[in-house]
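Visitor: Let me begin by handing over the structure; questions about it come next.
The values are calculated or read from the model by the stated rules, or taken from the named source; none is laboratory data. What you see is a predicted model, and the numbers here were worked out from it, not measured in a lab. Using ideal geometry, Cβ is built from the backbone for each residue, glycine included, and neighbour counts are taken over all protein chains shown. Surface areas here come from the heavy atoms of the whole protein model, side chains and all, with no ligands, DNA or RNA. Shrake-Rupley method; radii C 1.70, N 1.55, O 1.52, S 1.80 Å.
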Amino acid sequence: MPLRLIFMGTPDFAVPTLLELVAHGHEIAAVYTRAPKPAGRGLKLQASPVEQEARRLGIAVLTPATLKTPEALGEFRALNADAAVVVAYGMILPQAILDAPKDGCFNLHASLLPRWRGAAPINRAVMSGDAETGVMVMKMDVGLDTGDVAMAERLTITDKMTASDVHDALARLGADLMVRAMAALERGALQLTKQSETGVTYAAKIEKAEAKIDWSRPAHAVLRHIHGLSPFPGAWSEVAVDGEALRVKVLRCEPAEGSGAPGILLDDRLTVACGEGAIRIVELQRAGRAPMKTAEFLRGTSLKPGARFA
């Protein structure tokens with residue numbers, strides 16, 4: 001029999017999992033998501049991507065400010081769910097909530113635990129030069145991504161991939177993985193394995209101060225830093241144009257031939273020297289403008305070899 005599930009998620013990353021669970025016949029008793037936030041120039045309240053999909057599907061949506069009150073616990077328990085599926089919900093689940101569903105709460109986490117527990121696993125994996133990452137279905141406990149793991153899928157990270165590319169690939173892999181995990185739970189065949197106590201790392205939230213490009217680092221480290229912050233918040237650098245400092249976000253780049261003082265523009269194709277080697281900027285964004293390819297940027301901006309990114 002299909003499971004009766006509570007779905008808890010907020011951003012785009014969670015949407016494929018919700019859609020796959022519905023497509024495979026599971027009953028979604030309710031969707032929990034973060035409350036609408038002001039967005040856009042008019043600062044109008046905007047529902048989360050998960051809320052928008054849930055309402056389109058006719059599923060009840062709940063947006064509590066906290067899950068720690070007796071009222072919130074009573075409302076959660078009253079849904080009488082077999083399990084809860086949690087995907088980037090953005091709120092801590094207290095023990096009483098974790099214990100409420102008959103079979104527990106299961107989280108889809110975007111890393112190969114115990115590596116990159118915490119808030120920004122995709123960004124950190126790319127920025128750190130990891131060769132692979134993945135998604136895992138974990139039975140939740142009160143720790144920070146410390147629960148027993150049920151299933152995993154791996155993904156190779158190439159130097160061409162940005163955090164956005166990895167995000168989209170893992171969202172698809174994760175949706176399929178969670179569906180398989182719930183099918184195993186339904187059959188009473190879901191096996192759990194304790195996480196290793198070695199290899200634990202934490203994926204701290206990305207701070208704005210980290211976004212400035214350090215051209216003194218080796219080219220591969222610069223490339224991975226840029227790609228790990230693309231598209232948000234976006235790694236940035238400044239270059240003088242017509243006597244004024246122009247700040248640009250670098251969204252995508254590639255390895256390139258050449259060497260020179262860190263930050264020096266080596267040619268008319270936006271090849272920039274790093275501490276070792278060089279990278280070529282492929283896509284970038286000026287403040288208040290849409291992202292653009294290098295050729296389009298150079299048509300409207302006069303930059304000569306020898307200019308310096310700082």
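Visitor: Do you know the relative contact order of the chain, to the nearest whole percent, from alpha carbon pairs under 8 angstrom that are 6+ apart? Could you put the intermediate results ahead of the total?
Guide: Numbers: 687 pairs, mean separation 41.8, N = 310.
Rounded, it is 13 percent for the chain.
Visitor: Could you work out the helix-only [θ] at 222 nm for the chain, with each DSSP H run of four or more residues adding -39,500 (n - 2.57) and the total divided by the number of residues, to the nearest 500 deg cm²/dmol? Could the numbers behind the result be given before it?
Guide: Details: 8 runs with 80 residues, N = 310.
Mean residue ellipticity, 222 nm, calculated: -7500 deg cm²/dmol.
Visitor: Run through the range 247-310 and list the GluC sites (Glu not before Pro) located in a DSSP loop whose Cβ has at most 10 other Cβ atoms within 10 Å.
Guide: Counting only loop positions with at most 10 other Cβ atoms within 10 Å, the GluC sites (Glu not before Pro) in the range 247-310 are 257.
Visitor: Can you give me the Cα centroid spacing of the range 187-246 and the range 1-44 in angstrom?
Guide: What the calculation gives is 27 Å, centre to centre.
Visitor: What number, in percent, do you get for the relative contact order of the range 162-294 if the mean sequence gap of Cα pairs under 8 Å and at least 6 apart is divided by its residue count?
Guide: Details: 207 pairs, mean separation 26.8, N = 133.
The value is 20 percent.
Visitor: Given points 7 Å out from each Cα along the Cα-Cβ axis, report the residue 286 to residue 37 separation in nanometres with one decimal.
Guide: Those two pseudo-labels are separated by 2.9 nm.
Visitor: If you count the DSSP beta bridges with both ends in the chain, what percent of them are antiparallel, to the nearest 5?
Guide: Close to 65 percent.
Visitor: Go through [x] -0.43, -0.74, -0.94; [y] -0.33, -0.65, -0.94; [z] -0.49, -0.83, -1.04 and flag the label whose value is the computed log10 I(q)/I(0) by the Debye sum over Cα atoms at q = 0.08, 0.11, 0.13 Å⁻¹ for this structure.
Guide: Structure-derived value, by its label: [x].
Visitor: Please check the chain for the longest run free of trypsin sites (Lys or Arg not before Pro) that are loop-located per DSSP (anything but H, G, I, E, B) and have at most 16 other Cβ atoms within 10 Å.
Guide: Of all site-free stretches, the longest is 206-268.
Visitor: Next up: Which entries in the list 160/249; 160/293; 68/194; 160/212 go over 22 Å, if you measure between the two C-alpha atoms of each? Walk me through the numbers before you get to the answer.
Guide: Details: 160/249 17 Å; 160/293 15 Å; 68/194 27 Å; 160/212 20 Å.
Distance filter (> 22 Å) returns 68/194.
Visitor: At 1.4 Å probe size, with the rest of the protein present, what percent of the exposed accessible area of the range 5-128 is carbon and sulfur atoms? Write down the numbers at each step before the final one.
Guide: On the way: 2890 of 5520 Å².
Carbon plus sulfur share of accessible area: 52 percent.
Visitor: Could I ask something else about it? With θ set to phi - 60° and the Karplus curve 6.51 cos²θ - 1.76 cosθ + 1.60, what are the ³J(HN,Hα) couplings of the range 6-20 in order, to the nearest whole Hz, using x for Gly and Pro?
Guide: 9, 9, 10, x, 9, x, 3, 4, 7, 4, x, 5, 4, 5, 5
Visitor: Work out how much length residue 210 to residue 75 would gain on full extension: take 0.36 nm times their residue separation and subtract the Cα-Cα distance, in nm to one decimal.
Guide: 44.5 nm is the gain from fully extending residue 210 to residue 75.
Visitor: Between residue 65 and residue 269, how high is the FRET efficiency from 1/(1 + (r/R0)^6) when r is the Cβ-Cβ distance and R₀ = 41 Å? Nearest 0.05.
Guide: It comes to 0.20.
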